[in-house]
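**Student:** I'd like to ask you about the structure that follows.
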Amino acid sequence: MRSDRNAPRAPLALKLVVAGGLLFMHFPIAVIALYAFNVEENAFTFPIKGFTLKWFARVFERGDVMESVLLSLQVALLAALIAIVLGTLAALAIYRRQFPGREGINLLFNLPIALPGIITGIALLSSLRLMHLEPSTITIVIGHATFCVVMVYNNVIARLRRMPHSLVEASMDLGADGLQTFRHVILPGMATAVLAGGILAFALSFDEIIVTTFTAGAQRTLPIWLLNQLAKPREMPITNVVALLVTVVTTIPIIAAYRLIAGTEGVEGASK
Amino acid sequence: MNAATMNLAASTMPARPASRGVSNALFGRPRTLLWMLLLPPLAWFLLFYLGPLLALLGQSVLTFDDFSMTVSNELTLANFKALVSDPSNLDIVARTFTMALAVSAACALLGYPIAYYMARYADARMKGLLYVAVMLPMWASYIVKAYAWTVILAKEGLVAWLVSTLGLLPLGDALLALPYVGGNTWSTSHFGRFLVFNYMWLPFMILPIQASIERIAPNLLLASADLGASPAQTFRTVVLPLSVPGIAAGSIFTFCLTFGDFIIPTLVGPSGDFLGTAVYKYQGAIGNMPMAAALTLVPIVVVGAWLWLAKRLGAFDAL
């Protein structure tokens with residue numbers, strides 16, 4: 001792609017479309033940021049009449065918000081940990097071996113994100129009912145972990161495929177046994193991909209609403225709290241502040257995950 | 001030199017007879033190792049995903065009594081009969097399907113230029129920036145984004161202000177008056193809902209298209225130019241066909257995500273159920289799990305067909 005330097009410059013019309021598209025993709029978030037400082041209590045009237053910081057202070061006084069934040073963090077952490085274990089095992093099993101049913105199993109791990117979340121949610125809920133189990137934090141975690149596995153699985157499998165097998169052979173030739181090769185060659189090679197997958201799983205879980213609607217019962221994760229606010233607002237401006245905080249909090253891990261994946265790409269490309 | 005490397009190897013990889021015994025036993029039996037790795041994730045998926053999914057589909061042939069509002073174990077095909085013959089159910093399917101198609105087409109149209117610019121014109125630094133710029137809104141909280149649009153489209157909100165400030169009121173009113181497009185206000189119009197869906201899934205379309213354009217070998221473009229094709233001809237006959245797998249891959253997301261969504265149809269747009277909202281109502285408000293289960297078969301079949309089609313267009317090689 002280096003040869004592109006001599007390529008013609010992008011036509012103005014294309015640049016305008018790109019700029020417009022990017023504006024479209026970012027302006028709703030900017031709007032939320034703007035409204036978080038809105039002085040008015042009960043209106044979305046534009047233009048905004050004045051700005052204040054008082055809603056930020058109110059958020060931390062609201063027990064229900066803090067409870068939802070803690071629940072969401074707890075769920076996302078557990079779901080990500082389960083996803084890391086299951087996704088990594090699955091990737092290690094699938095990536096180099098041919099066996100009957102391999103394609104089917106690969107499809108199975110991808111199915112929870114291919115099929116609408118409402119199906120995952122309703123299936124879990126109806127099974128819980130059949131087993132006379134009450135929705136709880138555990139059931140939210142189970143639902144989340146199931147669709148989070150794929151984030152780790154796909155990330156790790158992509159990394160393992162790019163890792164030259166000659167490294168493993170070299171390790172074996174030098175007298176390392178299988179476990180040593182795994183610990184000193186494969187594990188360090190895939191570690192950042194596992195971590196990146198885990199972070200993405202965390203972010204996905206922190207934000208998930210559709211499956212949660214079915215498995216949460218009376219528990220309120222942060223997205224459910226936000227959804228309830230939309231139906232029955234109580235101190236509307238708080239919603240804007242929470243929405244802004246959620247956006248900021250999820251953005252940081254995503255950039256971290258992106259760097260973990262992108263940072264190693266060049267190295268592996270060179271070793272190919 | 002040799003001795004030094006050997007020492008290094010010896011110090012970082014101490015020979016441990018016990019572990020060697022275990023690992024030799026395992027590597028001697030790749031099948032055992034395979035199943036040891038595969039068993040935990042597989043068990044989890046059978047227990048918490050496939051099992052419940054099959055149980056759900058099994059419930060679609062049970063009987064729901066409208067009077068007592070209870071489910072009995074009598075087997076029936078009535079739910080499926082209602083699915084294919086009840087006009088209101090057909091309406092729901094048609095409404096959801098049309099929206100999913102429209103959103104996919106619009107995302108492809110808007111996403112293509114952005115992906116094209118990223119793949120063909122942006123230098124390494126710019127590409128990195130654009131990549132992050134597309135990823136961030138994609139990963140930003142779904143419910144926050146949906147909420148942002150209810151604020152933007154609200155009565156006296158930003159869109160209403162923009163339309164009147166720019167003197168576009170007649171145009172806006174005309175748009176809102178269109179059947180199948182408009183509605184009473186921006187936030188209750190089909191157009192508003194369409195806009196929000198587009199916004200939500202656009203990044204999912206951009207990234208696979210970008211990847212597929214990037215994969216086109218530069219010498220194909222040079223060859224096309226050498227053979228006398230104009231840039232427009234090269235684009236039409238070389239770049240566009242070769243990026244179809246990317247569009248197909250993107251459409252998996254835009255189509256399937258629209259098809260199964262039930263938050264956006266609740267928050268934005270006119271009344272009238274989508275598949276997701278209908279399933280939600282059947283199981284929740286009415287407690288008719290058999291009908292809800294039968295309805296979930298529609299997205300399973302349609303999404304399955306879409307995946308098959310996308311696979312034929314090469315989508316899975318583009319992902």
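The values are calculated or read from the model by the stated rules, or taken from the named source; none is laboratory data. Every value quoted in this text rests on a predicted model; they were computed, and no experiment measured them. Virtual Cβ from ideal backbone geometry, glycine too; neighbours counted across all protein chains shown. Accessible surface is based on the protein model in full, side chains and every heavy atom, while ligands, DNA and RNA are left aside. Shrake-Rupley method; radii C 1.70, N 1.55, O 1.52, S 1.80 Å.
**Student:** In this structure, does A:Pro223 turn out to be open to solvent by less than 40 Å² (accessible area, probe 1.4 Å), in contact with an Asp or Glu (Cβ under 7 Å, 6 or more places away or on another chain) and closer than 27 Å to A:Pro116 by Cα? Walk me through it before giving the result.
**Tutor:** Values: open to solvent by less than 40 Å² (accessible area, probe 1.4 Å): yes; in contact with an Asp or Glu (Cβ under 7 Å, 6 or more places away or on another chain): yes; closer than 27 Å to A:Pro116 by Cα: yes.
Yes.
**Student:** Filter segment B:181-211 down to residues that are of a type in the set (Ser, Thr, Tyr) and in contact with a helix residue (DSSP H, G or I) (Cβ under 8 Å, 6 or more places away or on another chain) and give me whichever is nearest to B:Ala249 (Cα to Cα).
**Tutor:** Going residue by residue through segment B:181-211, those that are of a type in the set (Ser, Thr, Tyr) are B:185, B:187-189, B:199.
So of that shortlist, the ones also in contact with a helix residue (DSSP H, G or I) (Cβ under 8 Å, 6 or more places away or on another chain) come out as B:185, B:187, B:189, B:199.
Details: B:Thr185: 34, B:Ser187: 30, B:Ser189: 29, B:Tyr199: 18 Å.
Here the answer is B:Tyr199.
**Student:** So B:Ala248 passes all but one of these: (1) assigned to a helix (DSSP H, G or I); (2) within 12 Å of chain A (Cβ to nearest Cβ). Which condition number does it fail?
**Tutor:** Here B:Ala248 meets the rest and fails (2).
**Student:** Assuming B:Ala4 fulfils every condition listed in (1) over 30 Å from A:Leu130 (Cβ atoms); (2) at pLDDT 85 or above; (3) more than 13 Å from chain A (Cβ to nearest Cβ) apart from one, which condition is it?
**Tutor:** Just one mismatch for B:Ala4, condition (2).
**Student:** Restricting the search to segment B:294-309, which residues are small (Gly, Ala, Ser) and either open to solvent by 30 Å² or more (accessible area, probe 1.4 Å) or at pLDDT below 90 (or both)? Talk me through it step by step, then tell me what you get.
**Tutor:** At the first step, the residues of segment B:294-309 found to be small (Gly, Ala, Ser) are B:294, B:304-305.
B:Gly304, B:Ala305 - these are the residues of segment B:294-309 that are small (Gly, Ala, Ser) and either open to solvent by 30 Å² or more (accessible area, probe 1.4 Å) or at pLDDT below 90 (or both).
**Student:** Is at least one residue of segment A:230-239 touching a strand residue (DSSP E or B) at 6+ places or on another chain (Cβ under 7 Å) and either polar (S, T, N, Q) or crowded, with 18+ Cβ neighbours inside 10 Å (or both)?
**Tutor:** Here is the first cut: in segment A:230-239, the ones touching a strand residue (DSSP E or B) at 6+ places or on another chain (Cβ under 7 Å) are A:237.
With either polar (S, T, N, Q) or crowded, with 18+ Cβ neighbours inside 10 Å (or both) added as a condition, the list becomes A:237.
Yes, segment A:230-239 contains a residue that is touching a strand residue (DSSP E or B) at 6+ places or on another chain (Cβ under 7 Å) and either polar (S, T, N, Q) or crowded, with 18+ Cβ neighbours inside 10 Å (or both).
**Student:** On to the next question. Looking only at helices (runs of 4 or more DSSP H) that lie completely in segment B:134-234, which have at least 1 residues being over 20 Å from B:Pro245 (Cα atoms), at the interface with chain A (Cβ under 9 Å from one of its Cβ atoms) and under 28 Å from the mean Cα position of the chain (by Cα)?
**Tutor:** On the way: elements: B:142-153, B:158-165, B:169-177, B:190-214, B:218-226, B:231-234.
Filter on segment B:134-234 gives B:142-153, B:158-165, B:190-214.
**Student:** Moving on. On the basis of being open to solvent by less than 20 Å² (accessible area, probe 1.4 Å), more than 8 Å from chain B (Cβ to nearest Cβ) and either modelled with pLDDT of 90 or more or under 24 Å from A:Arg97 (Cβ atoms) (or both), does A:Leu160 make the cut?
**Tutor:** Details: open to solvent by less than 20 Å² (accessible area, probe 1.4 Å): yes; more than 8 Å from chain B (Cβ to nearest Cβ): yes; either modelled with pLDDT of 90 or more or under 24 Å from A:Arg97 (Cβ atoms) (or both): yes.
When the stated conditions are applied, A:Leu160 passes them.
**Student:** Restricting to segment A:74-105, name every residue that is open to solvent by less than 50 Å² (accessible area, probe 1.4 Å) and without any contact (Cβ under 8 Å) to a residue 24 or more places away in the chain.
**Tutor:** A:Leu89, A:Ala93, A:Phe99, A:Gly101, A:Arg102, A:Gly104, A:Ile105
**Student:** Taking only pairs six or more apart or across chains, which ones have beta-carbon atoms under 8 Å, a first residue in segment A:11-37 that is in contact (Cβ under 8 Å) with a residue 40 or more places away in the chain, and a second residue that is outside any helix (DSSP H, G or I)?
**Tutor:** Between residues of segment A:11-37 that are in contact (Cβ under 8 Å) with a residue 40 or more places away in the chain and residues that are outside any helix (DSSP H, G or I), the close pairs are A:Ile29/B:Ala140; A:Tyr35/A:Phe44; A:Tyr35/A:Ile48.
**Student:** Another question, then. Is one or more of the residues making up segment A:10-32 farther than 19 Å from B:Pro137 by Cβ, open to solvent by less than 50 Å² (accessible area, probe 1.4 Å), at pLDDT below 90 and more than 7 Å from chain B (Cβ to nearest Cβ)? First the steps, then the outcome.
**Tutor:** Going residue by residue through segment A:10-32, those that are farther than 19 Å from B:Pro137 by Cβ are A:10-16.
Narrowing the set further to residues that are open to solvent by less than 50 Å² (accessible area, probe 1.4 Å) leaves A:10, A:14.
Checking which are at pLDDT below 90 leaves us with A:10.
Then drop every residue that is not more than 7 Å from chain B (Cβ to nearest Cβ), which leaves none.
No, every residue in segment A:10-32 fails to be farther than 19 Å from B:Pro137 by Cβ, open to solvent by less than 50 Å² (accessible area, probe 1.4 Å), at pLDDT below 90 and more than 7 Å from chain B (Cβ to nearest Cβ).
**Student:** Kindly establish whether A:Glu41 is outside any helix (DSSP H, G or I) and either basic (Lys, Arg) or away from chain B (no Cβ under 14 Å) (or both). Outline the logic, then answer.
**Tutor:** Details: outside any helix (DSSP H, G or I): yes; either basic (Lys, Arg) or away from chain B (no Cβ under 14 Å) (or both): yes.
So A:Glu41 fits the description; yes.
**Student:** Continuing with this model, one more query. Based on this model, can you work out whether A:Phe147 counts as part of a helix (DSSP H, G or I), free of Cβ contacts under 8 Å to residues at least 40 places away in the same chain and not charged (D, E, K, R)?
**Tutor:** So A:Phe147 fails the test.
**Student:** Oh, and also: If I filter segment B:272-282 down to residues being modelled with pLDDT of 85 or more and of a type outside the set (Val, Ile, Thr), which single residue comes out as farthest from B:Asn184 (Cα to Cα)? Please lay out each step first, then the result.
**Tutor:** Narrowing segment B:272-282 to residues modelled with pLDDT of 85 or more: B:273-282.
Narrowing further to those that are of a type outside the set (Val, Ile, Thr): B:273-276, B:278, B:280-282.
Working: B:Asp273: 17, B:Phe274: 19, B:Leu275: 23, B:Gly276: 23, B:Ala278: 22, B:Tyr280: 25, B:Lys281: 24, B:Tyr282: 27 Å.
The residue in question is B:Tyr282.
**Student:** Filtering segment B:93-109 down to residues that are touching a residue at least 40 places away in the same chain (Cβ under 8 Å) and open to solvent by 60 Å² or more (accessible area, probe 1.4 Å), which residue is farthest from B:Leu295 (Cα to Cα)? Talk me through it step by step, then tell me what you get.
**Tutor:** Of segment B:93-109, the ones touching a residue at least 40 places away in the same chain (Cβ under 8 Å) are B:93, B:95-97, B:99-104, B:106-108.
Pick out the ones that are also open to solvent by 60 Å² or more (accessible area, probe 1.4 Å) and you get B:95, B:97, B:101.
Working: B:Arg95: 14, B:Phe97: 14, B:Leu101: 19 Å.
In this case the residue turns out to be B:Leu101.
**Student:** May I pose another question? Is it the case that A:Ile209 is aliphatic (A, V, I, L, M), touching a Pro at 6+ places or on another chain (Cβ under 6 Å) and open to solvent by less than 10 Å² (accessible area, probe 1.4 Å)?
**Tutor:** Details: aliphatic (A, V, I, L, M): yes; touching a Pro at 6+ places or on another chain (Cβ under 6 Å): yes; open to solvent by less than 10 Å² (accessible area, probe 1.4 Å): yes.
When the stated conditions are applied, A:Ile209 passes them.
**Student:** Next up: Please go through (1) of a type outside the set (S, T, N, Q); (2) modelled with pLDDT of 90 or more; (3) within 13 Å of B:Ser141 (Cβ to Cβ) for A:Val246 and return the number of the only condition it doesn't satisfy.
**Tutor:** It is condition (2) that A:Val246 fails.
**Student:** Could you tell me which of the residues A:Ile142, A:Ile138 is open to solvent by less than 40 Å² (accessible area, probe 1.4 Å), within 18 Å of A:Leu81 (Cα to Cα) and either more than 10 Å from every other protein chain (Cβ to nearest Cβ) or outside any loop (DSSP other than H, G, I, E, B) (or both)?
**Tutor:** Working: A:Ile138 fails: open to solvent by less than 40 Å² (accessible area, probe 1.4 Å).
None of the others qualify; the one that does is A:Ile142.
**Student:** Confirm whether B:Ser251 is touching a residue at least 60 places away in the same chain (Cβ under 8 Å) and out of contact with any strand residue (DSSP E or B) (no Cβ under 7 Å at 6 or more places or on another chain).
**Tutor:** On the way: touching a residue at least 60 places away in the same chain (Cβ under 8 Å): yes; out of contact with any strand residue (DSSP E or B) (no Cβ under 7 Å at 6 or more places or on another chain): yes.
When the stated conditions are applied, B:Ser251 passes them.
**Student:** Quick one: in segment B:273-293, of everything that is in contact with a helix residue (DSSP H, G or I) (Cβ under 6 Å, 6 or more places away or on another chain) and closer than 28 Å to B:Val151 by Cα, which residue is most open to solvent (accessible area, probe 1.4 Å)? Show your work before the answer.
**Tutor:** First, the residues of segment B:273-293 that are in contact with a helix residue (DSSP H, G or I) (Cβ under 6 Å, 6 or more places away or on another chain): B:273-279, B:282-283, B:288-293.
Retained after the next criterion (residues that are closer than 28 Å to B:Val151 by Cα): B:273-279.
Details: B:Asp273: 37, B:Phe274: 2, B:Leu275: 3, B:Gly276: 2, B:Thr277: 17, B:Ala278: 3, B:Val279: 3 Å².
For segment B:273-293, the residue satisfying everything is B:Asp273.
**Student:** Considering only segment B:310-319, how many residues are open to solvent by 80 Å² or more (accessible area, probe 1.4 Å) and either within 20 Å of B:Phe259 (Cα to Cα) or of a type outside the set (D, E, K, R) (or both)? Don't jump to the end; show me each part of the working.
**Tutor:** Going through segment B:310-319, the residues open to solvent by 80 Å² or more (accessible area, probe 1.4 Å) turn out to be B:311-313, B:316-317, B:319.
Checking the rest, the ones that are also either within 20 Å of B:Phe259 (Cα to Cα) or of a type outside the set (D, E, K, R) (or both) come to B:311, B:313, B:316, B:319.
Here the count works out to 4.
**Student:** Which condition breaks for B:Glu214 when tested against (1) surrounded by 23 or more Cβ atoms within 10 Å (Cβ to Cβ); (2) of a type in the set (D, E, K, R); (3) touching a helix residue (DSSP H, G or I) at 6+ places or on another chain (Cβ under 6 Å)?
**Tutor:** Going through (1) surrounded by 23 or more Cβ atoms within 10 Å (Cβ to Cβ); (2) of a type in the set (D, E, K, R); (3) touching a helix residue (DSSP H, G or I) at 6+ places or on another chain (Cβ under 6 Å) one by one, B:Glu214 breaks only (1).
**Student:** With open to solvent by 40 Å² or more (accessible area, probe 1.4 Å) and modelled with pLDDT under 85 as the only criterion, which of B:Asp65, B:Asp86 stands out? Write out each step before concluding.
**Tutor:** Details: B:Asp86 fails: modelled with pLDDT under 85.
Residue meeting the stated conditions: B:Asp65.
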